[in-house]
């Protein structure tokens, strides 16, 4: 017996299930719109997938809802359960499926990158971990934390940031050398071996192993003093004092001087916050928190298992021991996977007593404190958002608060690259998954009114074709076709002219009475309404005004950002076009892979040559001419 899914008919389902292999792999469930709504892995694909549809299974309400929405499924066979786990991680990261437990926000966290593969390694920040021989430290939940760390360590370990070729023969050093922020190998102040020793100490410091760094610096200071090089000795003394200042702030957490990560989490309603302590050489060198989505109907074991797989998939340094509040699913395969990442055994431990148990409890208390603080912020924000929506309902004479607001902006420069943006706010909060950009197809030259009309015509044509639906709120955003959702309010960035142009489009689709629309003039923040000669001016301290301004600014930012991207790509394309052997196809491949001339210039010949359609001679040509 099978569930009678309205999305997938029985013959189609039976045919698909019959074709499933009994091998390990990954399966993807899709809804009617073709969007991936769940990714799972299995040791036996056929048995696992069939279990979702069997009527005798005791499924949770969440799984029953999932099954009801499945319209199609795909599967990918893997060579082993470990390969399936890696593939599952990548697909969850790519598709962000609604029914999976996942790290909140579709973004990459920043890392400090030490370009160890270079003769004179630079130190930068990045959001992408590559298998390029570099060393990565992090992640940091905020870029500001990574930059603060870089600012600190540069005072202790003066490293390179410039991209010049280091020969030691330059006539003069840059300003950073004169203010003590660079060791100046460019003019031969230090040689390659000495500079790499500085960077090795920097890596040890970031890893939390400061004892070896301190002892080495003390030895250097003593040698400099004995050689009567008092200036060098004083410089090293200042470095030691800076390290001592940092170490004093690092709390001793483990007297046995071990390295481990300590993980715990807190939950309330549908919110989950995971706290992780990074303990190195017995000292707490950092901590971060991460929010999880899709946890509402999952047990604690599923939450911590999903976190382990997704967090350690994006880190480069795995400690020998991970302390957790409870056992996890798939512990053996996760342990094997972590061993393959670290190159040595990794222990997953649930301490029941003693100092390690206290560490886990401390992490749990911090997670609870962080979650309570965040929820208090969210509640304040929600009250302001509710007030803002009530203001708009009152001043714009709407029948209900405008839960879904769409705002449109047109951006152009001297009649070139006219683009438009559509941003969406739901209950006063940006819903970036519904943002859209438009390149003008019919309008030639600069005509803002015609460009707005084309944008709205395409928007409402898509809505008409998809079938009208009301927005069900933030929790359902992944299971709807965004084009089909009817806005409760449309805001145009412009004045009366834009409003009149838009009304013609609403009339064309017979939507004038169905969708409220206003135009926001920049100068006095006036709101122009249809069939109303005088504009509406919201009170200066109105939450409704603040919300409208935020939405307008976001639409402008989104349009301008796209505009700049197009201009930048055109500029990059024009530079690449000047390189012999680089045609449109190779140019597109380079732009897709690197995104900027700077990134292409920094790439190695090997990195360029491995791109699809690229040859080594073409890669060498690019390097020589850029």
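The values are calculated or read from the model by the stated rules, or taken from the named source; none is laboratory data. If you're wondering where the values come from, they're calculated on a predicted model, not measured in any experiment. As a convention, Cβ positions derive from the backbone with ideal geometry for all residues, glycine included, and neighbour counts pool all protein chains shown.
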- line: Of those in the range 1-24 that are in a loop (DSSP other than H, G, I, E, B) and closer than 17 Å to residue 69 by Cβ, the residue modelled with the highest pLDDT is 9
- prompt: assigned to a strand (DSSP E or B) and over 21 Å from residue 521 (Cα atoms), is that true of residue 425?
  reply: no
message: Quick check on this structure: which one of 388, 376 is buried (at least 17 other Cβ atoms within 10 Å of the Cβ) and assigned to a helix (DSSP H, G or I)?
response: 388
message: On the basis of being within 33 Å of the chain's Cα centre (by Cα), within 30 Å of residue 289 (Cα to Cα) and either modelled with pLDDT under 75 or part of a helix (DSSP H, G or I) (or both), does residue 262 make the cut?
response: no
- line: In the range 32-79, residues that are over 23 Å from residue 483 (Cβ atoms), in contact with a strand residue (DSSP E or B) (Cβ under 7 Å, 6 or more places away or on another chain), in a loop (DSSP other than H, G, I, E, B) and modelled with pLDDT of 85 or more total 1
message: Condition check: modelled with pLDDT of 85 or more, touching a strand residue (DSSP E or B) at 6+ places or on another chain (Cβ under 7 Å), surrounded by 15 or more Cβ atoms within 10 Å (Cβ to Cβ) and in the same structural domain as residue 136 (by TED's automatic domain parsing). Does residue 186 satisfy that?
response: no
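Would you check if residue 344 is outside any helix (DSSP H, G or I), at pLDDT 90 or above and surrounded by fewer than 19 Cβ atoms within 10 Å (Cβ to Cβ)? Can you show your working first?
Working: outside any helix (DSSP H, G or I): yes; at pLDDT 90 or above: yes; surrounded by fewer than 19 Cβ atoms within 10 Å (Cβ to Cβ): yes.
Yes.
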field: the range 396-436: number of residues that are touching a strand residue (DSSP E or B) at 6+ places or on another chain (Cβ under 6 Å) and under 24 Å from residue 485 (Cα atoms)
entry: 20
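Restricting attention to the range 438-445, does a residue exist that is assigned to a helix (DSSP H, G or I) and farther than 14 Å from residue 404 by Cβ?
Looking for residues that are assigned to a helix (DSSP H, G or I) and farther than 14 Å from residue 404 by Cβ, one finds none in the range 438-445, hence no.
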Residue list for the range 165-183, restricted to those being under 23 Å from residue 151 (Cα atoms) and either in a loop (DSSP other than H, G, I, E, B) or touching a strand residue (DSSP E or B) at 6+ places or on another chain (Cβ under 7 Å) (or both): 166, 173, 174, 179, 180, 181, 182, 183
- request: Tell me, please, whether a residue that is touching a helix residue (DSSP H, G or I) at 6+ places or on another chain (Cβ under 7 Å), within 25 Å of residue 340 (Cβ to Cβ) and assigned to a strand (DSSP E or B) can be found in the range 97-107.
  value: yes
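Regarding residue 76, is this residue farther than 27 Å from residue 431 by Cβ, in contact with a helix residue (DSSP H, G or I) (Cβ under 9 Å, 6 or more places away or on another chain) and not assigned by TED's automatic domain parsing to the domain that holds residue 164?
yes
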field: Matching residues in the range 265-308 - criterion: being under 20 Å from the mean Cα position of the chain (by Cα), in a strand (DSSP E or B) and at pLDDT 85 or above
entry: 272, 273, 274, 275, 276, 289, 290, 291, 292
query: Listed residues 290, 307; which is buried (at least 20 other Cβ atoms within 10 Å of the Cβ) and out of contact with any helix residue (DSSP H, G or I) (no Cβ under 9 Å at 6 or more places or on another chain)?
result: 307
Criterion violated by residue 397 - all others in (1) in a helix (DSSP H, G or I); (2) surrounded by fewer than 23 Cβ atoms within 10 Å (Cβ to Cβ) satisfied: (1)
task: Tell me, yes or no, whether the range 606-618 has at least one residue that is surrounded by fewer than 12 Cβ atoms within 10 Å (Cβ to Cβ), outside any helix (DSSP H, G or I) and at pLDDT 75 or above.
output: yes
message: Checking the condition within 29 Å of the chain's Cα centre (by Cα), surrounded by 14 or more Cβ atoms within 10 Å (Cβ to Cβ) and modelled with pLDDT of 80 or more, which residue from 546, 594 passes?
response: 546
- request: Look through the range 491-535, keep the residues that are part of a strand (DSSP E or B) and touching a helix residue (DSSP H, G or I) at 6+ places or on another chain (Cβ under 7 Å), and return whichever of them is surrounded by the fewest Cβ atoms within 10 Å (Cβ to Cβ).
  value: 528
- prompt: If we scan the range 559-571, do we find a residue that is at pLDDT 90 or above, surrounded by fewer than 16 Cβ atoms within 10 Å (Cβ to Cβ), in a helix (DSSP H, G or I) and at negative phi?
  reply: no
field: Condition check for residue 104: surrounded by fewer than 20 Cβ atoms within 10 Å (Cβ to Cβ) and in contact (Cβ under 8 Å) with a residue 24 or more places away in the chain
entry: yes
task: Out of 113, 155, report the one residue that is part of a helix (DSSP H, G or I) and either farther than 30 Å from residue 30 by Cβ or not assigned by TED's automatic domain parsing to the domain that holds residue 61 (or both).
output: 155
query: Taking the range 123-140 only, how many residues are surrounded by fewer than 17 Cβ atoms within 10 Å (Cβ to Cβ) and either in contact (Cβ under 8 Å) with a residue 40 or more places away in the chain or assigned by TED's automatic domain parsing to the domain that holds residue 39 (or both)?
result: 1
task: Test residue 236 against the stated conditions and say whether it is under 24 Å from the mean Cα position of the chain (by Cα) and either at pLDDT 80 or above or within 30 Å of residue 154 (Cβ to Cβ) (or both).
output: no
